[in-house]
Amino acid sequence: MPVSQAPSATNQIAFAFMSESDVFPLNEAGGAHSGESASEAGGASGLWPVVSVAAAGGTVLLALVASAGGQPLLLTILASLAMLGIFFLFGVVAGHIRLGERVRSADIAEAITGDFEDGLVVTRADGSLVYANTGASDLLGRTPAGDLVALEQAFAGEPHATEALFRLTRAAANGEPWREEFPVRQSAAGPGQRLLRVAVRPLRVRGHERDTGPLTRWSIADVTDERAREAHELEAVQATLAHYDAAPAGFLHVAPNGVVDEANATFLRWAGLEPGALESRTLKLADLLHADAIALLHAAARRGGYEPEAVELDVTSESGKRVPMRLAARRDGAGALVIAAFNRETDADDPKDRDAAGARVARFFQSAPFGIASVGADGRILSANAAFARMVLDETSGIGDPAIDVLCRTAEPQARAELEAALKQALSGRPNPTPLEIATGPQKEFVRRVYLSSLAETKGGREAAVLYVIDATEQKSLEAKFAQSSKMEAVGKLAGGIAHDFNNVLTAIIGFSDLLLQTHRPADPAYKDIMNIKSSASRAAGLVAKLLAFSRRQTLQTERLQLGEVLTDLAPLLKRSIGERIELKVSTARDLWYVKTDKIQFDQVVINLAVNARDAMPDGGTLFMRTRNITERDSQKLNHPGMPVGEFVLIEVEDTGTGMSPEVLSKIFEPFFTTKGVGKGTGLGLATVYGIVKQSGGFIYADSKVGKGTVFRVYLPRYLPESEEEVAGPKEKKKERQADLTGTGRVLLVEDEDIVRSFAVRALKRQGYEVLEATTGVEALEVMAANEGRIDIVVSDVVMPEMDGPTMLKELRKKNKDLKIIFVSGYPHEAFETSLDKDETFAFLPKPFSLPQLAAKVKEQLGR
């Protein structure tokens, strides 16, 4: 902003140092008066009213004294004045009253700012001058008349200054702070240029805004010498860096975020990079060293000390070549790594060089896939390889710390005591071949297997023992999963075997109940009892079916399904099942792939999961059901044990309930395991879900957090239709009620369970069939031989002594290739159809079955 001319401007008061009581008189030209300060003028003008009042009081006093009755009053006044005088003297002695010359504000302001080397100028909004110190006069100069030279005049003809002043003036007019730095020609006293820094900022004097208006403070500083010193220092730094670039060792500086922000030319050459590579690209320490090596380097840096720990590591160059180097690192105050590197590539070429041989051994030591650390006689870690640093060391521990503290930071007290005893034994020179396992990590999620070996005492050697650490986390996880899988498989076989035997019993109970019902009318007293027997048997059959589902031995009627449509159809039923306090949200992805499974069984899977979620939300909540496709690439990213890479359809069932602890979560798929009260659950719901999913070729996994909820993820393999007819969908069959179950023909019934065979024979005979019996497959062949060509159909059990059903069928086919056969079994037909010929045709009736079901199946196969 321009500066107007004003006489004696350097003797005026700066507004920045005025008090609120000061009044600042201005001359006609808009400048500041010289001479008295504003405070002095105010003090002189305020004194004459006091003098006038004192004179008037004296006149009144003299008039009273002159009167006749004025003597007593005079004595009273004199006594009062005497008391005031005494108080005044005490005030002076105590320091409460001081007598002296008043210090002017202008003098204080001039004393503070007058000696500034930088120029200080205060102007009004119109550019008129309010104040300028001596420094401003020295930098800007004065006119022959003694006025301060205006900024525009002082820097006239300076292109950089003109542009800068324009920006500064604009900022001052807007009341904004601004700063510019620009060169100007040197004065006549010296050649060259000088560099000035000019800054503006608004100035406000509290209480005087109305009197003064907006003010601007200008500061002008000559920074020529300062910039020269900086340039000299930069040249010195560059010269030092040039020495570093020519050094035979590599140096690099790594920021806390892992970015290499500085490196000398030697290291860059070893790394296969150009000298100025860091200016055009971002280089990270992870580009040079693998993660284990970085962890070891950080651990060595944490040790500190006058001589940093050096480690032998392989550095990956730009071309992918691994360059052996010895690296020593330490941290600076900002947490960055300062690394010195020494190339060991040429040293390793000399097989006779002991140091080179040591370097080769160190490289083998560092590249080992398991952790190795040497321990001194005092139990402290002396050295460690990269794998040990990754598995054991962290930000709070490093080389030089006690081995027990490093290995057992989060271990159980018993594990710590065992390792301490084993280490003490190894340090004493006694062998200890037994490995120890330590669970580490915040959640004890990592398992480390530790081997300890004692070392013979050598001259000058500090190492007393060696630690070998193997990461056994994955092995332990696989062992636990294998044990769980084996347990589930064993329980499944047991459940399947029990279910098969129960099916035979239930078949007889249900069958004979049907026979009794045919001989009793609904009005008979026994009719209701028989119905109760059959109903109870049917309920038992449902439980057996769940056991078979868990053991993956139930019969599945598979068909092509689009799971989005299945969930949409099930939604109304699910809403009724979970109640009004729980909100159901179903989300299905578009273009969902097909799967092949039993629709009825899959409905049971969804319903069981929904009911399980309902029970986990007694106070209400939200139940989410989502479906989407899982591509092969997506499946590669999943970390589900036992699940192969492939294409799947995912069904997620998530609740916002109470969640489950890890202990409960590990047992949820076991049969008869339940967290519900007695009589409130069978413990077969999730076991059934597990079995159906597994039998459909799928996988199921659960994640749960206590207090947050549970999510079940079911993965079913994608099904690709093999024909256009299958893509179009199966044609709907007309449902015809089979009222007449009677028929004619000769039936060979093969069943080793007497009670089941007895019921089946009676049932078929009542429907009009001629029935021949056999207890084993061998006996059935004999009956067939005796009635060659006169048997129309064979109804046979699958599992029988001496000869099972499939083997019997193979023998029968040798003489009669068109013979019809119905297999009955408590196991699914997939369990035995692999033992038959690929093109073999047969019918199947699962146990337990009722009288109408048996008669209907025989009539269906005979077609009469």
Open item on the list: Please list Leu273, Leu665 from largest to smallest accessible area, probe radius 1.4 Å, with all protein chains kept in place.
Closed with: Leu665, Leu273
Task: Contour excess over end-to-end distance, with Cα ends at Thr519 and Glu565 and 0.36 nm allotted per residue - done: 12.0 nm
TODO: Output the peptides 313-319, 649-655 sorted from most to least packed, where packing is the average of other Cβ atoms within 10 Å over each peptide's residues.
DONE: 649-655, 313-319
TODO: Set the Förster radius R0 to 45 Å, insert the Cβ-Cβ distance between Ile77 and Thr134 as r into 1/(1 + (r/R0)^6), and round the FRET efficiency to 0.05.
DONE: 0.20
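Take each of the peptides 175-183, 417-425, average the number of other beta-carbon atoms within 10 Å over its residues, and list them starting from the highest.
Working: 175-183: 14.6, 417-425: 17.0.
Ranked by mean Cβ neighbours within 10 Å, highest first: 417-425, 175-183.
Rounded, prolate or oblate: which fits the stretch 227-266 when a ≥ b ≥ c are the square roots of the eigenvalues of the alpha-carbon gyration tensor, with rounded for a/c under 1.5 and prolate only if a/b beats b/c? Display every interim value, and only then the final one.
Working: a/c = 4.79, a/b = 1.44, b/c = 3.32.
Oblate, since a/c reaches 1.5 and b/c is not below a/b.
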Open item on the list: Students often get this wrong: which residues of the stretch 263-292 have the backbone nitrogen under 11 Å from the point 7 angstrom along Cα-to-C-beta of Lys321?
Closed with: 270-273
Open item on the list: Along the Cα→Cβ direction, 7 angstrom out, place labels at Thr631 and Asp225. What is the inter-label distance in nm?
Closed with: 7.0 nm
Open item on the list: For a protection proxy built on the mean count of beta-carbon atoms within 10 angstrom, sort 569-582, 696-709 highest first, please.
Closed with: 696-709, 569-582
Open item on the list: Taking 35 Å as R0, compute the FRET efficiency from the Cβ-Cβ separation of Lys424 and Tyr701 and round it to 0.05.
Closed with: 0.20
- [ ] Compute the FRET efficiency between Ser453 and Gln475 as 1/(1 + (r/R0)^6), taking r as their Cβ-Cβ distance and R0 = 22 Å, and round to the nearest 0.05.
- [x] 0.55
Task: Greater than 18 Å apart at Cα, pairs in Lys637/Lys708; Lys765/Lys847; Lys596/Lys694; Lys810/Lys857; Lys810/Lys838; Lys667/Lys705 - done: Lys637/Lys708; Lys765/Lys847; Lys810/Lys857
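The values are calculated or read from the model by the stated rules, or taken from the named source; none is laboratory data. This one's a predicted model, so the numbers in the text were calculated from it and none came from an experiment. Reconstructed Cβ throughout: ideal geometry from the backbone, glycine too, with neighbour counts over all protein chains shown. Only protein heavy atoms, including side chains, enter the accessible area calculation; ligands, DNA and RNA are left aside. Shrake-Rupley method; radii C 1.70, N 1.55, O 1.52, S 1.80 Å.
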